[in-house]
1. Highest GNM mean-square fluctuation, the chain, Cα pairs closer than 10 Å: which of Leu168, Leu77, Leu133?
2. Taking neighbour Cβ counts within 10 Å as the exposure measure, how do Ser2, Ser33 sort from fewest upward?
3. Can you tell me the length gained on complete extension of the stretch Leu51 to Leu30, counting 0.36 nm per residue apart and subtracting the Cα distance?
4. Multiply the residue separation of Thr137 and Thr37 by 0.36 nm, subtract the distance between their alpha-carbon atoms, and state the gained length in nm to one decimal.
5. Could you calculate the contour length gain from Ile6 to Arg81, that is, 0.36 nm times the residue separation minus the distance between their Cα atoms, to one decimal place in nm?
6. Between Leu73 and Arg187, what is the label-to-label distance in nm when each label sits 7 Å out along the Cα-to-Cβ direction?
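Laboratory data are not the source of any read-out in this text; all were calculated from the coordinates shown. Please read all numbers here as calculations on a predicted model, not as lab measurements. Cβ: placed from backbone, ideal geometry, glycine included. Neighbour counts: every protein chain shown.
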Amino acid sequence: MSLAVIFEGSLVAVALALGWIFHIDVLGRLIFSVGATVVGLVGAVPPFALLLTTERFKIPALERIKRLLLETLGPSLLVCRWYDVVALAAVAGVGEEFLFRGALQPLLERWTTSTSWSWVAGLLLSNVIFGLLHFITPTYAVLAGLMGVYFGLLLDATGSRNVLGPILAHGLYDYLAFVVLIRTVRRSPTAQNVNVEPVPPPT
């Protein structure tokens, strides 16, 4: 948990450093508004629905990812208290969205063509990097990149380049995914004797 907080916190520092070097107001992109809050909360629904769908239909490539996550993240998540899981999801949402949507996406837009389509290049290039940095398996990297594109589109959903929407969608999705993973681990025979504090069901 401590390592995760340190790592994700360092992403905010990297985002702010890039903003300072290239004159991008990263913190100014965080605007608290009702519209962005709704976009973020509702925006978590489609990827989570897709996750539940893949849980129902056993796709071999996704099952390999699931087994890997169960082996690597499962034991650590199993002993987390509910507020640890909330905190972990929150720092992931804040750290990754500040860096990729708050700093890298606008920076790469600036470095590409100056036409009205430069936002497409920034969106795609920033999420190629996002996918590569999530390279657990090739399939996982592709899925992470596509998820990043989705979060990048949420950045402009309210018309104000507000990073609050992607932060909320990312954090809430991660929390719900962690809950699903924890419940899967708890059903395994090796978890029966582990004393854990229940994670409240998503509401």
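1. Greatest mean-square fluctuation among the candidates belongs to Leu133.
2. Working: Ser2 6, Ser33 13.
Ordered by Cβ neighbours within 10 Å, fewest first: Ser2, Ser33.
3. Numbers: separation 21, 0.36 × 21 = 7.56 nm, distance 2.76 nm.
In short, 4.8 nm is gained.
4. Numbers: separation 100, 0.36 × 100 = 36.00 nm, distance 3.23 nm.
Length gained between Thr137 and Thr37: 32.8 nm.
5. 25.2 nm
6. Roughly 1.7 nm, to one decimal.
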